[in-house]
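Structure first, then comments.
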Amino acid sequence: GESVGLHLPTLSVQEGDNSIINCAYSNSASDYFIWYKQESGKGPQFIIDIRSNMDKRQGQRVTVLLNKTVKHLSLQIAATQPGDSAVYFCAENGSGNTGKLIFGQGTTLQVKP
Amino acid sequence: NAGVTQTPKFQVLKTGQSMTLQCAQDMNHNSMYWYRQDPGMGLRLIYYSASEGTTDKGEVPNGYNVSRLNKREFSLRLESAAPSQTSVYFCASSGRQGANYEQYFGPGTRLTVT
């Protein structure tokens with residue numbers, strides 16, 4: 001069945017280092033992917049998205065890479081800051097153009113000062 | 001511009017009680033969604049509304065009903081609450097009907113059913 005999963009449940013990095021959060025997806029028909037950040041007690045916050053006709057997209061301090069061959073998505077955060085500590089979710093749209101999203105289970109990013 | 005708002009923020013119910021969770025958005029979005037999030041888990045779609053006047057089941061619709069009251073408001077009702085419905089509920093909206101764009105989330109309602 002469809003699933004979106006993350007390789008590591010918790011990632012701990014030193015402040016100032018780069019972070020890489022990975023995500024595997026199983027639905028080959030997915031053509032839209034999003035990364036969300038969720039801080040404790042808050043709703044998910046949009047970070048960056050990418051469509052399947054691209055393999056890389058950059059935002060402010062963040063980069064998303066998409067490898068359709070191995071169905072892998074990653075989020076890179078440059079110069080990680082304490083404010084980046086949160087749970088990060090990837091999501092895919094699955095098959096069809098319905099606007100629905102399928103979320104992975106999340107990776108907790110801990111930033112050590 | 002408040003974005004997506006949800007009420008209440010917290011709620012405790014006894015098994016068998018009913019309640020309605022309210023959601024409103026002021027971004028003129030067509031699509032709205034209800035998710036639940038259990039501890040240590042991602043979000044699972046309960047119901048969604050692609051446009052005013054339409055609603056469809058998501059991944060986990062059993063025990064819930066929804067109403068798309070108008071373009072702004074999308075409510076979620078628990079007719080007879082069960083402990084398995086203890087969760088955090090998030091409402092979201094998206095700008096384009098039937099298209100793939102980012103969803104904007106509300107702050108959530110934390111529901112406990114005893």
*Whole-Å distance, taken between Cα centres, linking region B:33-89 and region A:26-40*: 20 Å
*Taking the Cβ of A:I50 as the center, what net charge do the other residues with Cβ under 13 Å away carry, scoring Lys and Arg +1 and Asp and Glu -1?*
-1
_Could you work out the relative contact order of chain A? I mean the mean sequence separation of Cα pairs under 8 Å and 6+ apart, divided by the number of residues, in percent._
37 percent
*Between B:M41 and B:V12, what length in nm is gained on full extension when 0.36 nm per residue of separation is reduced by their alpha carbon distance?*
8.3 nm
*Can you tell me the equivalent ellipsoid semi-axes for the protein assembly as shown? Use √(5λ) from the Cα gyration tensor, largest first, whole Å.*
29, 20, 16
*Between A:A78 and B:R110, how many nm apart are label points set 7 Å from Cα along the C-beta direction?*
3.7 nm
*To the nearest 20 debye, what is the magnitude of the charge dipole of region B:1-67 about its Cα centre, counting +1 on the Cβ of each Lys and Arg and -1 on the Cβ of each Asp and Glu?*
260 debye
*Please give the net charge around B:R36, taking every other residue with its beta carbon less than 13 angstrom from that of B:R36, where Lys and Arg add +1 and Asp and Glu add -1.*
0
*Label-point separation, A:S40 to B:S80 (7 Å along Cα→Cβ), nm*: 3.8 nm
_Exceeding the 31 Å Cα-Cα cut-off - candidates A:K42/B:K57; A:K56/B:K9; A:K56/B:K71; B:K14/B:K57_ = A:K56/B:K9; A:K56/B:K71
_Let's see if you can work this out: charge +1 on each Lys and Arg Cβ, -1 on each Asp and Glu Cβ, no other charges. What is the dipole magnitude of the protein assembly as shown about its Cα centre, in debye to the nearest 20?_
200 debye
*chain B: relative contact order in percent, alpha carbon pairs under 8 Å with at least 6 residues between*: 36 percent
*asked:* For the pair B:N70/A:E15, report the inter-label distance in nm, with labels modelled 7 Å from Cα in the Cβ direction.
replied: 4.8 nm
*asked:* Restricting to Cα atoms and excluding each atom paired with itself, what does the Kirkwood estimate give for chain A in Å?
replied: 14.1 Å
*Within region A:26-68, list the trypsin sites (Lys or Arg not before Pro) lying in a DSSP loop whose Cβ has at most 16 other Cβ atoms in a 10 Å radius.*
A:K42, A:R61, A:K68
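Here, each number is a calculation from the coordinates, and none is a lab measurement. Fair warning: this is a prediction, and the values are worked out from it, not measured in the lab. Backbone-built Cβ (ideal geometry, glycine too); neighbour counts: all protein chains shown.
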